[in-house]
Structures are given as C-alpha cells and as structure tokens.
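Q: I am attaching a structure below and will ask some questions about it afterwards.
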Amino acid sequence: MSDGAWGTFLQQKGLAPGECPELWNITHRKEVLDIAESYIKAGSDLIETNSFGGTRFKLEKYGLADRVSELNKAAAEISREAAGEGKMVLGSIGPTGKLLLLEEVTKEELYDAFREQAMALEAGGVDAIVVETMTDLEEAVLAVKASRENTGLEVICTMTFDKLVTGEYRTMMGISPAEMIQPLVDAGATVIGANCGNGMAGMVSIVEEIRRENPVVPVLVHANAGMPLYQDGKTHFPESPEETASFVHSLIRSGANIIGGCCGTTPEHILKIKEAVHL
Ligand SMILES: [Zn+2]
C-alpha cells in the first residue's frame, strides 16, 4: 500500500496558487507532516515526500534554485519522521518542465538537476526514489539514471498516460506503457508503473499492457480520483473512496503490486483501497 495525493492535499490546507509547495517544508512544516502522518494512519506502507517540484528548474520559478538541497532534505526528514520504523519513504521527483525536444535544456543539465535532488532526498533519509508523472521517456531515463548512479537507493519510475480515441494509452509525448518498460529497467528502475491520469479504471488496461510485455517487473499504480472537473474556479475530483476501491481487485488481477493514489485522493481513499486489498 502506497499513499495518496500531496499537491491537492496541500491546496486543501491553504497552499495558494503561485506559492511554492516545497517551500512549505520550511514555512509550514506542521501541515506537511500532518499530510504524511495522515497517510501512515490510513494504512500506507510507503509514503512520498513533498518534493515533486524540487528540481532547480522548478524551484527557480520561485527564486529558490539555490535551495534545492535544503528543501528536498527537509521534505525527506518530514516524511521520515511520520513514517517511523517499519514504513518506507519514497522521495518524489517530478518532471522539470523543460523539454529536450525543444532544446530548452541539455541532457547533461537534466541529469545534473536530478542528481542534485536525489542526493538531497537521500541525505534526508528516504528509502527509495520515485520518479513520477513523466511524459518524456528520455527525461524519465535521465532521472532514473541520475538517481541510481549517485545514491545507494532503489528507483521507482511511473509515467502518466491518457486514453486516446482508439482506446490505446499514450503519454503526452506519445509513449505507450509497453514502450517505457525496457528503457526504464535498463536505466536502473526496479519498479515501474503509472500515476496520475484519469482514474483507476484506465489503470487496469495500462497494467495489462505492461504485463503482456513483462510478466515479472514489479508494477506500482498511483491513480487520480477520476478525471478532474473545474467548477467555480476550483478543481474537483469525482471518484469517491468507494469507487476507487471498487477497481482494486481487477487491478491486482491485472498484475499490480503496489497501489496508492494520485491527485484528488485522500487518506479516506487509501483506507478504502487498503480494505479492498485485504478482502
Ligand atoms: Zn496526479
């Protein structure tokens, strides 16, 4: 059992649009710790860190590029404190927002940015790295390599897929679930999978596709609580904890090994998923 959303949970706790989520590891430590603890209480065996946007490329938008080490280390320490003994902490690394394709950044610059973040997360005490919400396979591979080659940690990597009108799944950059497997494994990922997206239902097809290609690699799924809807200037996620949990058995049958949630999921979703896992 993994955990649920962080970004949408921070917003619920008052993170304003335009505010840097990772700065909250210093300015709102108690709120961030509270999120981590709420997932441990709900039954998560693995919890993430508040460091999704913790590369220097994301932090520089807030004038915080020189605080990568401090903010990531703090993120890791907060989740480590909540996890205590026996539960594991996954250091979250998200995309940089810079596109190799458009030559906004070089491979070396991406590698260096991921290395800097991964090393800070390790210094703060994480048990593994989770590279997530990736859409560009090349960026994902660089993040996995930089984490593997510069820390003693295992690395998980999940990409984000959308359903095409044909019924197939692709990332925004056109990568299929089957296509991501070997490059990520070759780069050093020991667990792969999918996160975010449009809800639990689609994850079953994605895991089936992964399993057709590779029957052994451990698969992690962090699904959103459905497709986000915009109402009154607010984002709303429609899938209730019960609805999310209703897909758990199909997901396990399709071959998923670790299950948690992404945007819009709450400790209540985790609780219901956990109940379903044990049914
Ligand atoms: Zn998400």
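Q: Please give the contour-minus-distance gain from residue 150 to residue 216: 0.36 nm per residue of separation, less the Cα-Cα distance, rounded to one decimal in nm. Let's see the in-between values first.
A: Working: separation 66, 0.36 × 66 = 23.76 nm, distance 2.60 nm.
Contour length minus Cα-Cα distance gives 21.2 nm.
Q: Count the net charge of all other residues whose Cβ sits under 9 Å from the Cβ of residue 91, scoring Lys and Arg as +1 and Asp and Glu as -1. Don't skip to the end; give the middle numbers.
A: Numbers: positive: none; negative: 48, 122, 127.
So the environment of residue 91 carries a net charge of -3.
Q: Quick one: grab Rg to one decimal and Dmax as a whole number for the range 1-160, Cα atoms only, in Å.
A: 14.5, 44
Q: A further question on this structure: I need the Kirkwood Rh of the range 200-245: take the reciprocal of the average 1/r across all distinct C-alpha pairs and report it in angstrom. Don't jump to the answer; show the numbers that get you there.
A: Values: mean 1/r = 0.0807 Å⁻¹.
Result for the range 200-245, one decimal place: 12.4 Å.
Q: Express in whole angstrom the spacing between the alpha-carbon centres of the range 115-166 and the range 1-51.
A: The range 115-166 and the range 1-51 have Cα centres separated by 19 Å.
Q: In deg cm²/dmol, rounded to 500, what helix-only [θ] at 222 nm does the chain give when every DSSP H run of at least 4 residues adds -39500 (n - 2.57) and the total is split over its residues? Intermediate values should be presented prior to the final figure.
A: Working: 12 runs with 124 residues, N = 279.
That calculation yields -13000 deg cm²/dmol at 222 nm.
Q: Run through all the Cα pairs of the range 1-55 and give the fraction in each 10 Å bin from 0, expressed as whole percent.
A: Values per bin, smallest distances first: 25, 57, 18, 0.
Q: By how many nm would the segment from residue 102 to residue 138 grow when fully extended, if each residue of separation counts as 0.36 nm and the alpha-carbon distance is taken off? All intermediate terms of the calculation are to be shown ahead of the outcome.
A: Values: separation 36, 0.36 × 36 = 12.96 nm, distance 1.30 nm.
That works out to 11.7 nm of additional length.
Q: In sequence order, what are the phi-derived ³J(HN,Hα) couplings for the range 236-250 according to the Karplus relation 6.51 cos²θ - 1.76 cosθ + 1.60 with θ = phi - 60°, rounded to whole Hz, with x for glycine and proline?
A: Taking θ as phi minus 60°, the curve returns 10, 9, x, 7, 6, x, 5, 4, 4, 5, 5, 9, 4, 5, 4 Hz for the range 236-250.
Q: From the backbone phi of the range 198-212, what are the Karplus-calculated ³J(HN,Hα) couplings (6.51 cos²θ - 1.76 cosθ + 1.60, θ = phi - 60°) in whole Hz, Gly and Pro given as x?
A: 10, x, 5, 3, x, 5, 4, 5, 5, 5, 4, 5, 4, 5, 4
Q: Within a Cβ distance under 11 Å of residue 190, other residues only, what is the Lys/Arg minus Asp/Glu net charge? Intermediate values should be presented prior to the final figure.
A: On the way: positive: 148; negative: 154.
Taking every other residue near residue 190 into account, the sum is 0.
Q: Farthest toward the dipole's positive end in the chain, which of 144, 36, 171, given Cβ charges of +1 (Lys, Arg) and -1 (Asp, Glu) about the Cα centre?
A: After comparing all options, I get 36.
Q: Moving on. With Cβ to Cβ distances under 10 Å as the rule, what net charge do the other residues near residue 176 carry (K, R +1; D, E -1)? Mind dumping the intermediate values first?
A: Working: positive: 170; negative: 168, 179, 209, 213.
Every neighbour counted, the sum reads -3.
Q: Send over the Kirkwood Rh of the range 69-135, from the inverse of the averaged 1/r over different Cα pairs, rounded to one decimal Å.
A: Details: mean 1/r = 0.0786 Å⁻¹.
After inverting the mean inverse Cα-Cα distance, the result is 12.7 Å.
Q: Please identify, among 229, 33, 64, the residue showing maximal mean-square fluctuation in a Gaussian network model of the chain using a 10 angstrom Cα cutoff.
A: Looking only at 229, 33, 64, the largest GNM fluctuation is found for 229.
Q: Mean shadow of the range 86-237, computed from the convex hull of its alpha carbons, in nm²?
A: Numbers: hull surface 42.3 nm².
Directional mean of the projected Cα hull area for the range 86-237 stands at 10.6 nm².
Q: Determine ³J(HN,Hα), in whole Hz, for all residues of the range 137-153 in sequence, where each value follows from phi through the Karplus function 6.51 cos²θ - 1.76 cosθ + 1.60 and θ = phi - 60°; x replaces Gly and Pro.
A: Couplings: 5, 5, 5, 4, 4, 5, 5, 5, 4, 4, 6, 5, 7, 10, 9, x, 9 Hz.
Q: For a quick check, take a GNM of the chain with Cα springs below 10 Å and name the residue from 131, 248, 89 with the largest mean-square fluctuation.
A: 248
Q: Per the 1.4 Å probe, what fraction of the accessible area of the range 92-169, in percent, lies on carbon and sulfur atoms?
A: Values: 1550 of 3190 Å².
Carbon and sulfur together cover 49 percent of it.
Q: Under 5 Å between amide H atoms, partner at least 5 residues away or on a different chain: which partners does residue 93 have, H built in plane at 1.01 Å?
A: Amide H neighbours of residue 93: 130, 131, 132.
Q: So how much slack lies between residue 19 and residue 166, counting 0.36 nm per residue of separation and subtracting their Cα-Cα distance, in nm? Walk me through the intermediate numbers first.
A: Details: separation 147, 0.36 × 147 = 52.92 nm, distance 3.82 nm.
Gain on extension, residue 19 to residue 166, equals 49.1 nm.
Q: Dipole magnitude of the chain about its Cα centre, charges +1 at Lys/Arg Cβ and -1 at Asp/Glu Cβ only, in debye to the nearest 20?
A: Details: 24 positive and 41 negative charges, 71 e Å.
Roughly 340 debye for the chain.
Q: Another question, if that's okay. Using +1 on the beta carbon of Lys and Arg, -1 on that of Asp and Glu, and nothing else charged, what's the dipole of the range 1-112 about the Cα centre, debye to 20?
A: Working: 13 positive and 19 negative charges, 42 e Å.
So the magnitude is around 200 debye.
Q: So how many Å³ per residue does the convex hull of the Cα atoms of the chain work out to?
A: Values: hull volume 34.7 nm³, N = 279.
Measuring per residue, one finds 124 Å³ for the Cα hull of the chain.
Q: Cross-link candidates for residue 145: which lysines have Cα within less than 30 Å, leaving aside residues fewer than 8 places away along the same chain?
A: 58, 61, 73, 87, 98, 107, 163
Q: What percent of all Cα-Cα pairs in the range 116-167 falls in each 10 Å bin, counting up from 0?
A: Values per bin, smallest distances first: 25, 46, 19, 8, 2.
Q: I need the Debye-formula profile for the range 50-107: one equal scatterer per C-alpha, no solvent, reported as log10 I(q)/I(0) at q = 0.21, 0.29 1/Å, two decimals.
A: Each listed q maps to, in turn, -0.81, -1.13.
The values are calculated or read from the model by the stated rules, or taken from the named source; none is laboratory data. All values reported here derive from a predicted model rather than from experimental measurement. Positions of Cβ are backbone-derived with ideal geometry, glycine not excepted, and every protein chain shown enters the neighbour counts. Just the protein is used for accessible areas: all its heavy atoms, side chains included, with ligands, DNA and RNA removed. Shrake-Rupley method; radii C 1.70, N 1.55, O 1.52, S 1.80 Å.
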